[in-house]
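Data first, discussion second: the structure below is written as structure tokens.
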There are 2 protein chains.
Amino acid sequence: MKKIKVSEAFKKFMPERAVFVLSIDKRGISNGMVASWNMKCSEEPPLLAVSLWKQCNTQRLIRESKEFVISVPNKSLEKQVRFFGSCHGDKVDKFKETKIRTLPSRHIRTPMLKDATINFECRLEKTVDAGECYIFIGKILASYMNKKKKILLYTKDNKGKRAFQEF
Amino acid sequence: MKKIKVSEAFKKFMPERAVFVLSIDKRGISNGMVASWNMKCSEEPPLLAVSLWKQCNTQRLIRESKEFVISVPNKSLEKQVRFFGSCHGDKVDKFKETKIRTLPSRHIRTPMLKDATINFECRLEKTVDAGECYIFIGKILASYMNKKKKILLYTKDNKGKRAFQEF
């Protein structure tokens with residue numbers, strides 16, 4: 001049991017479920033990112049938590065709109081996962097750029113992803129300051145599933161190149 | 001994309017990294033449980049979050065002691081994972097019962113697990129009320145790794161029987 005840097009331990013403490021975190025701005029334009037720091041945190045009431053870097057655009061949209069969608073991808077969305085994970089939504093309309101297919105949500109303005117395996121519509125319940133990130137805790141208003149589809153896992157960082165695998 | 005109950009969506013939104021969450025009581029007796037709702041939430045400062053049911057014994061110990069260890073298991077600890085996940089620490093000394101091997105931590109009183117793949121020594125930084133659970137955010141004081149060992153994933157609930165798989 002060797003003492004190591006936290007950054008090394010974090011690299012080993014894998015895999016993670018890389019999910020799309022989608023939100024919407026005041027003008028009604030959706031944007032989003034990919035985040036692999038997420039967890040269930042209550043079943044009754046149903047809550048999900050996701051930790052987002054304080055510098056990212058999506059955290060601002062969520063704090064303004066008080067809503068977000070967690071969209072769980074499969075292999076068919078790997079290209080979009082890489083794109084949403086690699087660029088800034090204030091510079092590019094990632095939805096347009098990737099031609100990702102959306103569906104309207106029932107309770108919120110943020111759309112969900114048609115080809116995802118699971119979509120969770122969330123209302124922002126609580127924002128927690130956590131170091132360089134904000135943890136957003138969302139109350140799940142509705143959930144949707146493509147039962148036959150699998151889950152894409154973020155398995156490791158290969159010198160800056162992210163590896164994914166379906167589970 | 002079919003609308004489904006959140007409990008169904010949670011079953012599909014897998015796998016999870018089932019980790020030991022260890023703590024210590026006022027008398028210096030360690031106890032712990034297994035929790036699969038956990039995530040990294042900041043790298044600088046290094047923070048980990050874990051969501052624990054409000055009724056469990058470990059949440060009380062963490063709130064009292066302000067410290068905990070997150071110990072990431074591998075296949076060799078599967079039996080202990082099942083035991084720590086299935087019984088109450090106020091009735092049984094799970095460490096004694098399972099003969100699980102411990103090591104002293106450097107910065108806190110709670111021990112870590114000798115045969116784990118990763119151990120994180122954490123100081124309680126923040127407690128967040130989240131529905132039926134408390135989210136404990138711990139500052140990582142030190143991390144340790146057995147580099148050759150793998151990570152045990154909780155893959156699914158088979159009608160009450162939990163399935164695990166090494167990754």
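The residue of the range A:6-64 that is most open to solvent (accessible area, probe 1.4 Å), among those that are over 30 Å from A:E97 (Cα atoms) and of a type in the set (S, T, Y), is A:S7.
Per the listing B:M14, B:M39, the residue uniquely outside any strand (DSSP E or B), out of contact with any helix residue (DSSP H, G or I) (no Cβ under 7 Å at 6 or more places or on another chain) and either of a type in the set (F, W, Y) or modelled with pLDDT of 95 or more (or both) is B:M14. The set of residues from the range A:122-158 being of a type in the set (F, W, Y) and closer than 27 Å to B:R123 by Cα comprises A:Y134, A:F136. Sort through B:L152, B:L124, B:L141 and tell me the only one that's open to solvent by less than 70 Å² (accessible area, probe 1.4 Å), in contact (Cβ under 8 Å) with a residue 24 or more places away in the chain and closer than 19 Å to B:A18 by Cβ. Being open to solvent by less than 70 Å² (accessible area, probe 1.4 Å), in contact (Cβ under 8 Å) with a residue 24 or more places away in the chain and closer than 19 Å to B:A18 by Cβ holds for just one of B:L152, B:L124, B:L141, which is B:L152. Scan the range B:54-86 for residues that are part of a helix (DSSP H, G or I), within 15 Å of the chain's Cα centre (by Cα) and acidic (D, E) and the total you get is 1.
A quick yes/no check of all residues on (1) among the β-branched types (V, I, T); (2) touching an Asp or Glu at 6+ places or on another chain (Cβ under 6 Å); (3) not in a loop (DSSP other than H, G, I, E, B):
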site: B:H88; (1), (2), (3): no, no, no
site: B:I108; (1), (2), (3): yes, yes, no
site: B:A116; (1), (2), (3): no, no, no
site: B:N119; (1), (2), (3): no, no, yes
site: B:Y134; (1), (2), (3): no, no, yes
site: B:Y144; (1), (2), (3): no, no, yes
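Of everything in the range A:108-120 that is more than 12 Å from the chain's Cα centre (by Cα) and touching a residue at least 24 places away in the same chain (Cβ under 8 Å), the residue that is most open to solvent (accessible area, probe 1.4 Å) is A:R109. Scanning the range B:123-147 for residues that are under 16 Å from A:V128 (Cβ atoms), under 16 Å from the mean Cα position of the chain (by Cα) and more than 7 Å from chain A (Cβ to nearest Cβ) gives B:L124, B:T127, B:Y134, B:F136, B:G138, B:K139. In contact with a strand residue (DSSP E or B) (Cβ under 7 Å, 6 or more places away or on another chain), closer than 21 Å to B:I151 by Cβ, surrounded by fewer than 22 Cβ atoms within 10 Å (Cβ to Cβ) and not aliphatic (A, V, I, L, M) - does that describe any residue in the range B:85-96? So far as the range B:85-96 goes, yes, one or more of its residues are in contact with a strand residue (DSSP E or B) (Cβ under 7 Å, 6 or more places away or on another chain), closer than 21 Å to B:I151 by Cβ, surrounded by fewer than 22 Cβ atoms within 10 Å (Cβ to Cβ) and not aliphatic (A, V, I, L, M).
The values are calculated or read from the model by the stated rules, or taken from the named source; none is laboratory data. Just so we're clear, the structure is a prediction, and the values are computed from it rather than from any experiment. In this analysis, Cβ positions are derived from the backbone assuming ideal geometry, glycine residues included, and neighbour counts consider all displayed protein chains. Protein only, heavy atoms only, side chains kept; ligands, DNA and RNA dropped before computing areas. Shrake-Rupley method; radii C 1.70, N 1.55, O 1.52, S 1.80 Å.
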